[in-house]
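**Student:** Attaching a single structure in structure tokens format; questions to follow.
The values are calculated or read from the model by the stated rules, or taken from the named source; none is laboratory data. Just so it is clear, the model here is predicted, and its values are computed rather than measured. With ideal geometry, Cβ positions are generated from the backbone for all residues, glycine too; neighbour counts draw on all protein chains shown. Calculation scope for accessible area: heavy atoms of the full protein, side chains included, ligands and nucleic acids excluded. Shrake-Rupley method; radii C 1.70, N 1.55, O 1.52, S 1.80 Å.
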Amino acid sequence: MSAAVPGAAAASGRSGRFTVGFRDAAAAEWLKLRSLRSTWWTLGGTFVLTVAVGLLYGATIGNNPEDFSKSGFDPVLMGFAGVSMSQMAIVCFGVMAVSGEYATGTIRASLAAVPDRAVFWAAKTAVLGAMALAVSLPTAFATFFAAQSTMGAELNARLGDPGALRATFGLALHLTLLCLVSAGVAAILRGTVVTLGVLVPLFFIVGDILANLPGVGTVARYLPNLAGTRLMSTVPDPRFGYGPGTGLLVILAWTCAALAGGLVALRRRDA
């Protein structure tokens, strides 16, 4: 589904072409995304899955405190266990927002309305990131309070505990950046099926397996979905050789690489 770019475009000289600014392009992307049913299903799924699984984990821990009261237990990270499932929904959101335009052919109308592909890509990813963050922030705080309230006073964490607030914001940032990584890969591969066929096994199956293998695991732990877990932790994990700060740099590097790759693909190939 295509949307007209709001606002008047300015003619650029004799060529008769029109230039569209970032603001108008972003407004058009917002109209397109909010009109897609998949947007609300995937973002709603992100919220519901994260909170529901966090609530379930919290209740399970609260009912069996003796099984978890050991050194190295991280109540905040355990409360965010639902991310392992909900990040699939945010990945689908990022992928479908980009690949859907190629599947329906509306990418041609979008690029006709916004001829500057860098502006088009910046607007699309900015709106995607803003929408993902707008859902991820309340998801993170709702999950924290839901999980910790059912975990029991013996093991639960409070938002004022060391690292708890940072980890909660880290969850929101993790989901947002993972959405942008997915969008960048979708722009490179274009197809919804092929993109999800690469990302879903990598993020949810292969990555976890490789991370536990000797030798290979050291490298696999730098995959974006695994690096993102460091943002949500408050207790160091000996399996990882880095903490939240490095984890943030790793997932930011993946995001920049994916978005840059998406822009290169968008510029070099016809719609």
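**Student:** Only one residue in Ile107, Ile188 is open to solvent by 10 Å² or more (accessible area, probe 1.4 Å), assigned to a helix (DSSP H, G or I) and farther than 21 Å from Ser84 by Cα. Which one?
**Tutor:** Selected residue: Ile188, the only one of Ile107, Ile188 that is open to solvent by 10 Å² or more (accessible area, probe 1.4 Å), assigned to a helix (DSSP H, G or I) and farther than 21 Å from Ser84 by Cα.
**Student:** Can you name the residue in region 200-236 that is free of Cβ contacts under 8 Å to residues at least 40 places away in the same chain and in a loop (DSSP other than H, G, I, E, B) and, of all such residues, is nearest to the chain's Cα centre (by Cα)?
**Tutor:** So the residue we want is Leu223.
**Student:** Could you say which residue among Leu137, Leu165, Leu199, Leu177 is open to solvent by 50 Å² or more (accessible area, probe 1.4 Å), within 28 Å of Phe22 (Cβ to Cβ) and of a type in the set (A, V, I, L, M)?
**Tutor:** After applying the criteria, what remains is Leu137.
**Student:** Identify all residues within region 149-170 that are of a type in the set (Lys, Arg) and outside any helix (DSSP H, G or I); write none if there are none.
**Tutor:** Listed by number, the list holds a single entry, Arg158.
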